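For reference, the structure is listed below as structure tokens.
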Amino acid sequence: MIAFAKKLTPFKLVILLVCASVTSNAQDATKFPLIPYPNQLVMGSGSFIITSKTPIVIAKEFGREALELNNILQRGLGKPLLLSKVNKSHAIKLIYDASITASETYTLNITQNEVVIRAKDGAGVFHAVETIRQLLPVSVETGMLHKQLTLPAVAIQDQPAYEWRGMHLDVSRHFFSVSYLKKFIDRMALYKMNKLHLHLTDDQGWRIEIKKYPKLTEEGAWRTFNNQDSSCMKRAKDNPDFIIDKEHIIQRGGKTLYGGFYTQQEMKGIVAYATAKHIDIIPEIDMPGHMMAAINSYPFLTCNGENKWGTLFTKPICPCNETTFEFAQNVFSEIMDIFPSKYIHIGGDEVDRTDWGKSDACKALMEREGIKDLPALQSYFINRMEKFFNSKGRKLIGWDEIIEGGISPTAIVMYWRTWVPQAPVKAVKNGNTVIMTPGEPLYFDNQADQYSIYKVYHFNPIPQVLNAEEAKSIIGAQANIWTEQIPSERRADYMYMPRMTALAELLWTNKQDKYDSYLERLVQQYSRMDALKINYRLPDLPNLLNEYAFTDEGKLSITSPLKSLTLRYTTDGTLPDVKSPVLPYPLIIKKTELVKVAAFTPTGTRGDVYSLNYTQQHMLGAVKINPPKAGLACTYYKAYFKETALMKDAKADSVFVSDKIEVPATVKAPSFGITYKGYIDVPADGIYSFYLTCDDGGVLNVGPNVVVNNDGNHSAQERSGQIALKMGAHPFKLDFIEGGGGFTLKLKYSVNGSAPQDVPADWFKN
Ligand code: ACM
């Protein structure tokens, strides 16, 4: 229990006990649509009325937070409120309370007579201010003027579950303006996120002015369009959010160039803006890999002067020359002058170390220092840089590869490689502090689907094998947004909203039983996001499949997930637009056709387009199997496949029988393929739906039909399809491939509209 609980008067405690017993989650969700939800919330009676005459009484520590509150209230009332250092009645009071020991912690008590915020630090007060903001009408966000504003009576005690509640933005692959960064910071603050990690440099562009090395931005911030840009341009034909932001395109020397950078002055402004909102900006200068933009202008940084792509990554800078350290230290010295953060990120990911092994300078250094291999050579670089950071009073953060060659326990490890689940455990056991950002589910540049929010909300930052003491080394989590395929602010909005609200609630509230209430509150938050002009991903149309089968007629019945949305459709293969017909309930389908459906906001923004293939079928007749044997006949191929079809020409490694669609625990190869072949013996006639989730690809055939095509190399995604089956056995084949990086394989079925469930083992025969 936190210290301020002692401050509750007996009267307040009575309210707490009585109200807690009568207020259900659902009522709270409707009346208090707060995200993240407070640790304790007790509804009071009545409300507090704010007018332009209501004073704000402030303890001297909280002047900045009072200004933030006043900015919000002024938007709704048209005038700032009076700030007072002396106590007044019917006021909003910001009180310093030394008995509150935890940082970022606050209490907020709203009665008919006053609003009282208590905290020990500015961050606590600021979080209370953002709670007040979410209790105010949404119209305040748009600047609509009100004679008075009403806050519901409530008693809140609140504090975060995790100290690191982070968002990352890659501003290198595509660049984002100062004004967008400020918007991004505002939205983080609204949902109580507190760490903004800026990925400022990469092969595709250097985005921060470094006065000692001006060419880093004069040259390194600009590029001719690359393959990522051309991919965006292609996608822009169907979706305007992929149009590359014109603001970042210039003409220079007869060439069209893409890019941009932040001057030190601009970045100091962004840092100050974030600081006022209690958000710490953590700069990342990614090295020794991902440095092509810098090496282009400063080729002395490599071991052999070459600057090109290796097999997977670009060639890194050379850790065996003192000139490299001089450069790195000079760059980071300027970075530290811009960013006061205790944390500085050095990257350290995806290093192609092969050239180091060929370099005479490296051979000599390794001999001299007793460095046994190339991962250890990378550790030599990181450890030296860490000493430099520490000498300036800063802590080093690196991506989890930094532990490969051994690392000092004082470095902070940022875990991202989902397919190396031991990495955070190893780091914690080594004494390191760890921040969790695993690609699944926290890479928000991955296309969201109907499961993304659930997965983020239910992500557990603490690896199960850690004990309670070790768990303390995990200080939180962060979502990363890599922008290779995100060339505009609208696309960025779409990728991280509303997923960030699920992460915010996980990291602040961390109560999984609030998920249903969270979903209700999220529906209400959409109107705030509309007011803030956030191009969030519209909620999914519920329970849709990719492929439908029907015998006489098909019925498509979709209920809109939000009242404000209109569903429109086409059957001619074109994408629905605002002029397409409104989808009837139900839409009757009488012939084989492709139905494309999308939701539209009142302003005409289109949500994801759903392509629903309707196929008229005859019920597939059963076949005889003689004699039926239990399970499916499976073949394992230990090789890399780009598509499932390529397995048919490959040499089998082993065979086995399985009555489940799963990868045997004995499979350890990073890349492989498995075919599951035999019969599926269904107990009744019906339209059967199959849901195949896989990472990477999978294809399901029943009889002569491809029922689900989820082929290719991709992260875990579900695709689904139907087939009309007569009772009895039908030829069954499921092909699955894993290309590397960790796999997922799940097959579920439903019949005649039942809930999806596992296929019973005794249905599989061979
Ligand atoms: C990373 O995604 N390369 C950290």
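Rule-based calculations on the coordinates, nothing more; no lab input. Treat the numbers as computed from the prediction; the structure is a model and nothing was measured. So basically every Cβ, Gly included, is an ideal-geometry build from the backbone, and we count neighbours across all protein chains shown.
Some notes on this structure:
- Dipole magnitude for region 392-548: about 600 debye, using +1 per Lys or Arg Cβ and -1 per Asp or Glu Cβ, origin at the Cα centre.
- The chain, relative contact order [Cα under 8 Å, separation at least 6], %: 9
- Pair GLU306, SER47: separation of 7 Å Cα→Cβ label points (nm): 7.0
- Cα→Cβ-extended label distance, 7 Å offset, between ALA755 and ASN460, nm: 2.2
- Whichever lysines have a C-alpha closer than 20 Å to that of LYS748, once near sequence neighbours (fewer than 8 apart) are set aside: LYS455, LYS660, LYS677, LYS726, LYS733, LYS765
- Label separation (THR142 vs LYS255): 4.6 nm, computed from points 7 Å beyond Cα along the C-beta direction.
- Net charge contributed by nearby residues that have their C-beta within less than 14 Å of MET647 (K/R +1, D/E -1): -1
- Cross-link table LYS183/LYS563; LYS429/LYS472; LYS638/LYS668, entries beyond 18 Å C-alpha to C-alpha: LYS183/LYS563
- Counting only Cα atoms, the size of region 642-766 along its three principal axes is 40, 27, 25 Å, in decreasing order.
- Backbone HN-Hα couplings from phi across region 337-350 [Karplus 6.51/-1.76/1.60, Hz, Gly and Pro as x]: 5, 8, 10, x, 3, 5, 10, 10, 9, 9, x, x, 8, 6
- Applying both filters, DSSP loop and at most 12 other Cβ atoms within 10 Å, to the trypsin sites (Lys or Arg not before Pro) of region 174-261 gives LYS211, LYS212, LYS237.
- Once backbone amide H atoms are built at 1.01 Å from N, ASP653 has TYR636, TYR637, LYS638 as its partners under 5 Å, excluding neighbours fewer than 5 places away on the same chain.
- Amide N of region 514-556 lying under 15 Å from the label point, which is placed 7 angstrom from the Cα of SER564 along Cα→Cβ: 521-540
- Note on the chain: dipole from Cβ charges, positive end direction compared against ALA492, ASN713, ILE589; the farthest Cα belongs to ALA492.
- Scattering curve values for region 453-492, log₁₀ I(q)/I(0), Debye with Cα scatterers, q = 0.20, 0.33, 0.34 Å⁻¹: -0.75, -1.08, -1.10
- Other residues lying with their Cβ under 12 Å from the Cβ of SER689 contribute a combined charge of 0, Lys and Arg counting +1, Asp and Glu -1.
- Whole-Å distance, taken between Cα centres, linking region 561-578 and region 225-291: 32
- Taking 20 Å as the straight-line reach from the Cα of LYS79, the lysines in range (excluding those fewer than 8 positions away in the same chain) are LYS53, LYS88, LYS93, LYS147.
- Dividing the summed -39500 (n - 2.57) terms of all DSSP H runs of n ≥ 4 by the residue count of the chain sets its mean residue ellipticity at 222 nm at -8000 deg cm²/dmol.
- A simple rule links phi to the HN-Hα coupling: the Karplus curve 6.51 cos²θ - 1.76 cosθ + 1.60 with θ = phi - 60°, which for region 413-422 gives 9, 9, 7, 9, 7, 3, 7, 10, x, 6 Hz, with x for Gly and Pro.
- Top positive-direction residue, dipole computed over the chain with Cβ charges, set ILE687, ILE117, MET188: ILE117
- The trypsin sites (Lys or Arg not before Pro) of region 412-509 meeting both criteria, a DSSP state outside H, G, I, E and B (loop) and at most 15 other C-beta atoms within 10 angstrom of the site's C-beta, are LYS472.
- Gap separating the Cα centres of region 110-142 and region 440-459, nearest whole Å: 30
- Rounded to the nearest 20, the size of the Cβ-charge dipole of the chain about its Cα centre is 1760 debye, with Lys and Arg at +1 and Asp and Glu at -1.
- Taking the C-alpha atoms of the chain, convex hull volume expressed per residue in Å³: 194
- Residue separation of LEU646 and GLU367 scaled by 0.36 nm, minus their Cα-Cα distance, works out to 95.8 nm of gained length.
- Cross-link partners for LYS629 among the aspartates and glutamates, with Cα-Cα distance under 15 Å and sequence neighbours closer than 8 places in the same chain left out: ASP659, ASP681, ASP762.
- Under a 5 Å amide H cut-off, with hydrogens placed 1.01 Å from N, LEU583 pairs with LEU567, ARG568, TYR569 among residues at least 5 apart or on other chains.
- Residues with amide H under 5 Å from that of TYR614, placed H, sequence gap 5 or more: TYR548, GLU593, LEU594, VAL595
- Per-residue HN-Hα couplings for region 182-188 [Karplus 6.51, -1.76, 1.60; θ = phi - 60°; Hz; x = Gly/Pro]: 5, 4, 4, 5, 4, 5, 4
- Sequence ranges 646-652, 272-278, ranked by mean other-Cβ count within 10 angstrom, highest first: 272-278, 646-652
- Rounded to the nearest 20, the Cβ-based charge dipole of region 644-751 about its Cα centre (Lys and Arg +1, Asp and Glu -1) stands at 120 debye.
- Residue-span extension gain [ASP238 to LYS726] - 0.36 nm each, minus C-alpha spacing: 171.7 nm
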